[in-house]
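**Q** Structure below; questions to follow.
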Amino acid sequence: MDRTPADGTPADSTPADRAQRRGRRIMMTDEETHAFLREQRTCRVATVSPDGRPHVGALWFAWDGTSLWLYSITRSRRWSDLRKDPRISVVVDAGEAYDELRGVELSGTAVFVGEAPRTGEPCEELAEPERLFPVKNFGITEMPHDGRHAWIRLTPDSIVSWDFRKI
């Protein structure tokens, strides 16, 4: 008698095999991932402190289809951590009930772009994030510069997604 579980994995498969198959089934497509990152506002940014401890804080962001753009206070612990160790992971998630949970984790190396703090000096590389960010987060078309924030770009080496609505 065949004892294949309902998820289609062989009966002799390991729990890791079953989890990996489930992970593929609930993974967002590229189009779903891009749409999700364009619509969400808040992310959780994880950095590594000099003593090796993780530090996580919430931040608004913009997604340009390739990179996640973070507009961070330059006197923050996040900024200081990334200056010393540019490794970064960011989670964007949504949902309240279990069957609504979805999200994206992006990991890679932080790159500082433009002057710090940002005063609005011309910077071609910042044209797109400074077009997207104020509309998404403030409902205005001009990027405000307060002399306290500056840009961090994360072009992810790794993207992992999940959408429990697919279960």
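**Q** Considering every residue within the stretch 134-153, establish whether at least one is of a type in the set (G, A, S) and within 19 Å of the chain's Cα centre (by Cα).
**A** Among the residues of the stretch 134-153, at least one is of a type in the set (G, A, S) and within 19 Å of the chain's Cα centre (by Cα), which makes the answer yes.
**Q** Of all residues in the stretch 113-124, count the ones that are closer than 19 Å to I73 by Cα and not in a loop (DSSP other than H, G, I, E, B). Before the answer, list the steps.
**A** Of all residues in the stretch 113-124, those closer than 19 Å to I73 by Cα come to 113-121, 123.
Subset that is not in a loop (DSSP other than H, G, I, E, B): 113.
Matching residues across the stretch 113-124 total 1.
**Q** Next up: So which residues in the stretch 56-68 are surrounded by fewer than 23 Cβ atoms within 10 Å (Cβ to Cβ) and in a strand (DSSP E or B)? Don't jump to the end; show me each part of the working.
**A** If we filter the stretch 56-68 for residues that are surrounded by fewer than 23 Cβ atoms within 10 Å (Cβ to Cβ), which is where we start, we get 56-60, 64-67.
If the condition is that a residue be surrounded by fewer than 23 Cβ atoms within 10 Å (Cβ to Cβ) and in a strand (DSSP E or B), then V56, G57, A58, L59, W60 are the ones that fit.
**Q** Based on this model, can you work out whether E125 counts as open to solvent by less than 50 Å² (accessible area, probe 1.4 Å) and among the acidic types (D, E)?
**A** In short, no.
**Q** May I ask you to verify whether R41 is closer than 17 Å to V104 by Cα and surrounded by fewer than 15 Cβ atoms within 10 Å (Cβ to Cβ)?
**A** In short, yes.
**Q** Any chance you could count how many residues in the stretch 139-165 are touching a strand residue (DSSP E or B) at 6+ places or on another chain (Cβ under 9 Å) and surrounded by fewer than 15 Cβ atoms within 10 Å (Cβ to Cβ)?
**A** Number of matching residues: 6.
**Q** Right, W79: open to solvent by less than 70 Å² (accessible area, probe 1.4 Å), among the aromatic types (F, W, Y) and in contact (Cβ under 8 Å) with a residue 60 or more places away in the chain or not?
**A** yes
**Q** Now for a separate question. Can you tell me how many residues within the stretch 82-110 are charged (D, E, K, R), open to solvent by 50 Å² or more (accessible area, probe 1.4 Å) and over 17 Å from G52 (Cα atoms)?
**A** 5
**Q** What are the residues in the stretch 130-167 that are in contact with a Ser or Thr (Cβ under 8 Å, 6 or more places away or on another chain), in contact (Cβ under 8 Å) with a residue 40 or more places away in the chain, of a type outside the set (S, T, N, Q) and not in a strand (DSSP E or B), if any?
**A** Within the stretch 130-167, R148, P156, D157 meet the criteria.
**Q** Looking at E105, E96, which is the one that is assigned to a loop (DSSP other than H, G, I, E, B) and more than 12 Å from I152 (Cα to Cα)?
**A** Within the list E105, E96, the selection yields E96.
The values are calculated or read from the model by the stated rules, or taken from the named source; none is laboratory data. Worth saying up front: this structure is predicted, and the values here are computed from it rather than measured. Here Cβ is always computed from backbone atoms with ideal geometry, including for glycine, and neighbour counts include all displayed protein chains. Side chains included, ligands, DNA and RNA excluded: accessible areas come from the protein's heavy atoms. Shrake-Rupley method; radii C 1.70, N 1.55, O 1.52, S 1.80 Å.
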